[in-house]
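Q: This is the structure, below, for whatever I ask next.
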Amino acid sequence: MGHDETYVLRTVEERGVRFVRLWFVDVLGLPKSFAVPAGELEAALDEGIGLDGSALEGFARARERDVIAHPDPRSFQVLPWRDEVVARMFCDIRLPDGAAFPVDSRQALRRALDGAADLGLTLQVGCEVEFFLFAEPAADDDLGAVPRTLDRGAYFDLTPQDVGSDFRRRTIDLLERMGIPVKASHHENAPSQHEIHLKHTDALSMADALTTFRMAVRQVARELGVYATFMPKPLDGVPGSGLHAHFSLFDGDRNVFFASDAKEPLSEPGRRFLAGVLAHAGEMTAVTNQWVNSYKRLATGMEAPERASWTRHGRSGLVRVPAGRPGKEEAARIELRSPDPACNPYLVFALVLAAGLRGIERGYQLGAEDLEDGGPHEAMPLPEDLRIATELFDRSELARETLGDRLCDWYVSNKRAEWEAYRTTVTEYERRRYLALL
């Protein structure tokens, strides 16, 4: 048994942990979990625990599949929001013969990171996560109604009359007690909308952190008698919620994106990485924006990108190259603005890394900056809806090479089923507009 496993077992004994929840995500990034008592933990670390792998296949699962969940001891943390002492670990899912289960998102990201590591490279990610807090509905029947906001605040507003400040402070406390450092937090642009910045870390740790973050946010909201949602566009007429992901690529301690010439936004490899992300943006959109509601956010503009362009200062580009700290090597990065906080971060990070590395390896050339004031607008538009995005993803050689055919096929099955349900559902908009008119 290795050092990490020994540390986990010792901590469980010293802290009096009674149960350990083993976490994993399905192909859509939705969290799944089962618990083991502390007395069974050593066996779980040594041999794993069997479960039905169809749980990873999302809403399109068809039949049972025997797989083994192997806890990752490096992800061990005590959950600070439980009355009794409970811990959690993320799991890698494998087949009984030890091979990776093809539909495991976490291992798909691992493979992409291992490929970069073979080149001596590591991907660092920081995230700005937006979400809404709403009043708790009086009954389940009210979940389909327009949610009630808790404030009238706007961008960076200080609103001491609501629960927002207490909420953010409590959430940050929980996250930092779990080893997830927070850079900043503030009220966002829309009423009842908030943003919390998670500090840069390696891509796998950030994907785990985002999964944990969404759980922590919902937990604190419940404690305060409100509810939180990461739905991309819950309200009309105001901006939706994004997940702005900041990527940087390191070769050892050297930031590959850093340009010694202050006039250049990125180094030559950095520009090629960015060109790769832009070139493959359309086929990645079904992953960065995986729900039918995601396209309501993209369609409205309102700080959400509509085309695969880049900029240094504007907010409409798919990618922004921050220029706030010229000459500071560790600050060199690109900010991908299309993802929403309901995405599967494991798949998003894997595809962004693969697209960027392809740009470097094949010498993609970066086009002109979108200046937003009459500058070039020849950039390709992003897919208009989930159906178009899903078809592009299904045909993507990059996605299939990075994620594997099995995972891609299950993902596509889920998205086509979602689109078909959406396409055949009569909406409240249609009833309001047509019922009396026609």
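The values are calculated or read from the model by the stated rules, or taken from the named source; none is laboratory data. Just so it is clear, the model here is predicted, and its values are computed rather than measured. Quick reminder, even Gly has a Cβ in these numbers, built from the backbone with ideal geometry, and neighbours come from all protein chains shown. Calculation scope for accessible area: heavy atoms of the full protein, side chains included, ligands and nucleic acids excluded. Shrake-Rupley method; radii C 1.70, N 1.55, O 1.52, S 1.80 Å.
Q: Starting from the 7 Å offset along Cα-to-Cβ, what nm value, one decimal, do you get for the label separation of residue 378 and residue 427?
A: 3.5 nm
Q: Given 0.36 nm per residue, what is the gain on full extension from residue 388 to residue 299 after removing their alpha carbon distance, in nm?
A: 30.7 nm
Q: Name the residue farthest towards the positive end of the dipole of region 293-431 from the options 339, 366, 425, assuming +1 on Cβ of Lys and Arg, -1 on Cβ of Asp and Glu, about the Cα centre.
A: After comparing all options, I get 339.
Q: Next question. List residues of region 29-57, by number, whose backbone nitrogen lies under 14 Å from a label position 7 Å along Cα→C-beta of residue 84.
A: 35-40
Q: Accessible area per residue of the chain at 1.4 Å probe, in Å²?
A: Result: 46 Å² per residue.
Q: Be a star and scan region 216-253 for residues whose amide nitrogen sits under 20 Å from the point 7 Å along the Cα-to-Cβ vector of residue 435.
A: The answer is 236.
Q: May I pose another question? Rg over Rh of region 1-109, using C-alpha atoms and the Kirkwood radius, what does it come to?
A: 0.98
Q: Another one. Residue farthest toward the positive end of the dipole of the chain, with Cβ of Lys/Arg at +1 and Asp/Glu at -1: which of 227, 71, 201?
A: Of 227, 71, 201, it is 227.
Q: Also, I was wondering about something else. Which one of 398, 435, 413 has its Cα pushed farthest toward the positive end of the charge dipole of region 322-438, where Lys and Arg give +1 and Asp and Glu give -1 at the Cβ?
A: Of 398, 435, 413, it is 435.
Q: How high is the relative contact order of the chain, in percent, with contacts defined as C-alpha pairs under 8 Å that are six or more residues apart?
A: After rounding, I find 15 percent.
Q: Now for a separate question. With no solvent and one point per C-alpha, what does the Debye sum give as log10 I(q)/I(0) for region 299-363 at q = 0.26, 0.29 Å⁻¹?
A: Values, matching the q order: -1.21, -1.20.
Q: If packing is taken as the average number of other Cβ atoms within 10 Å across a peptide's residues, how do 329-340, 285-296 rank, most packed first?
A: Result, highest mean Cβ count within 10 Å first: 285-296, 329-340.
Q: Another question, if that's okay. Once you put a point 7 Å from the Cα of residue 145 and another 7 Å from the Cα of residue 33, both along the Cβ direction, what distance in nm separates them?
A: 3.0 nm
Q: Shifting gears a bit: Considering the chain as a Gaussian network with a 10 Å cut-off on Cα pairs, which listed residue, 366, 278, 347, attains the greatest mean-square fluctuation?
A: Answer for the Gaussian network model of the chain: 366.
Q: If you don't mind, another one. Could you give the dipole magnitude of region 290-437 about its Cα centre, charging the beta-carbon of Lys and Arg +1 and that of Asp and Glu -1, in debye to the nearest 20?
A: Value, rounded to 20: 300 debye.
Q: While we're here: Students often get this wrong, so check it: of 233/415; 296/415; 183/263; 199/328; 183/296; 32/415, which have C-alpha atoms separated by over 25 Å?
A: 183/263; 183/296
Q: Placing one identical point scatterer on every Cα of region 159-309 and ignoring solvent, what is log10 I(q)/I(0) from the Debye formula at q = 0.10, 0.11, 0.16, 0.19 Å⁻¹?
A: Log10 I(q)/I(0), no solvent term: -0.46, -0.55, -1.09, -1.32.
Q: Stick to the Cα atoms of region 239-282, pair each with every other, and give me the Kirkwood hydrodynamic radius in Å at one decimal.
A: About 12.0 Å for region 239-282.
Q: Expressed as a whole number of Å, what is the distance separating the alpha-carbon centroids of region 250-307 and region 23-78?
A: 32 Å
Q: What FRET efficiency comes out for the pair residue 136/residue 312, r = Cβ-Cβ distance, R0 = 25 Å, nearest 0.05?
A: 0.05
Q: Another question, if that's okay. What number results when the radius of gyration of region 277-333, computed over Cα atoms, is divided by 2.2 N^0.38 Å?
A: Cα Rg divided by the expected 2.2 N^0.38 Å: 1.30.
Q: First compute the accessible area of the chain with a 1.4 Å probe, then give the percent of it belonging to carbon and sulfur atoms.
A: About 49 percent, which is the carbon plus sulfur part of the accessible surface.
Q: Shifting gears a bit: With charges only on Cβ, +1 for K and R and -1 for D and E, what is the dipole size of the chain about its Cα centre, in debye, rounded to 20?
A: 580 debye
Q: Taking 0.36 nm per intervening residue step and subtracting the Cα-Cα distance, what contour gain separates residue 13 from residue 117 on full extension?
A: 33.9 nm
Q: Also, quick follow-up: Efficiency by 1/(1 + (r/R0)^6): what FRET value for residue 4 and residue 59, r their Cβ-Cβ distance, R0 = 35 Å, to the nearest 0.05?
A: Efficiency for this residue pair is about 0.55.
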